1. Can you report the number of residues in the range 121-165 which are small (Gly, Ala, Ser) and assigned to a strand (DSSP E or B)?
2. Mind counting the residues in the range 127-142 that are farther than 21 Å from Asp156 by Cα and surrounded by fewer than 16 Cβ atoms within 10 Å (Cβ to Cβ)?
3. Report every pair of residues separated by at least 6 positions or lying on different chains whose Cβ atoms are under 7 Å apart, first residue within the range 119-132 and touching a residue at least 24 places away in the same chain (Cβ under 8 Å), second hydrophobic (A, V, I, L, M, F, W, C) and in a loop (DSSP other than H, G, I, E, B).
4. Among the residues that make up the range 102-118, is at least one of them modelled with pLDDT of 95 or more and touching a Leu at 6+ places or on another chain (Cβ under 6 Å)?
5. Across the range 102-118, what is the total count of residues that are in contact (Cβ under 8 Å) with a residue 12 or more places away in the chain and either loosely packed, with under 15 Cβ neighbours inside 10 Å or among the hydrophobic types (A, V, I, L, M, F, W, C) (or both)?
6. State which residue is nearest to the chain's Cα centre (by Cα) when the search covers only the range 67-80 and only residues that are surrounded by 16 or more Cβ atoms within 10 Å (Cβ to Cβ) and in a loop (DSSP other than H, G, I, E, B).
7. Considering only the range 85-143, state which residues are out of contact with any strand residue (DSSP E or B) (no Cβ under 8 Å at 6 or more places or on another chain) and polar (S, T, N, Q).
8. Residues to consider are Leu158, Leu151; find the one that is within 18 Å of Glu74 (Cβ to Cβ), in contact (Cβ under 8 Å) with a residue 60 or more places away in the chain and more than 20 Å from the chain's Cα centre (by Cα).
Amino acid sequence: MSTQRKVILAFLAILLVVVLGFAAFTFLLKADPTPPIPSSADQAASHEAEAEKTPLPSAFARQTIAEGLIVPWELVFTDENRMLVTERPGRVRQIVDGKLAAEPVYTFSEAAASGEEGLMGMALDPDYASNRRVYFSLAYQGGASVKVVSLRDAGDRLEDPKNAA
């Protein structure tokens with residue numbers, strides 16, 4: 001093969017790589033690299049629909065305890081008739097005798113509630129029966145930080161022991 005022919009083939013190969021690279025780059029610029037984050041309500045509806053499709057073992061039955069919660073994340077039983085439920089946007093709700101209370105018992109206004117962040121964990125203190133402490137884990141500052149908060153359960157509300165009278 002002549003030198004002139006090798007140069008022409010090399011030039012065409014480089015030109016092909018440049019054209020394909022430009023086409024790929026243009027395509028990537030038009031593509032949205034981050035899909036939109038669905039709202040909490042959309043995610044809740046999606047999770048509910050998915051749960052309905054999931055088969056259960058024969059020894060189990062699906063029963064709805066409460067409706068209208070926005071991405072419930074964690075629950076604890078404070079006694080046999082009452083449970084606390086966290087909602088990712090930062091609310092702590094209570095269900096008493098099988099009924100969801102209309103208002104939250106506490107709201108973490110600083111909770112960053114998008115993606116997999118927000119009000120995440122909740123646990124009763126091992127000595128809850130005597131000190132009524134409940135611990136929460138939440139993402140805040142746009143999800144850049146996570147903190148653990150301790151509140152006292154006053155029955156119809158949760159209160160910060162530092163701010164209680």
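The values are calculated or read from the model by the stated rules, or taken from the named source; none is laboratory data. Because the structure is predicted, anything quoted here is derived from the model rather than measured. All Cβ positions, glycine included, derive from the backbone under ideal geometry; neighbour counts span all protein chains shown.
1. Final tally of qualifying residues: 6.
2. Counting residues in the range 127-142 that are farther than 21 Å from Asp156 by Cα and surrounded by fewer than 16 Cβ atoms within 10 Å (Cβ to Cβ) gives 2.
3. Hits for this filter: Leu119/Phe108.
4. Within the range 102-118, one or more residues are modelled with pLDDT of 95 or more and touching a Leu at 6+ places or on another chain (Cβ under 6 Å).
5. Number of matching residues: 8.
6. Val71
7. Hits for the range 85-143 are Ser109, Ser114, Ser130, Gln141.
8. Leu158
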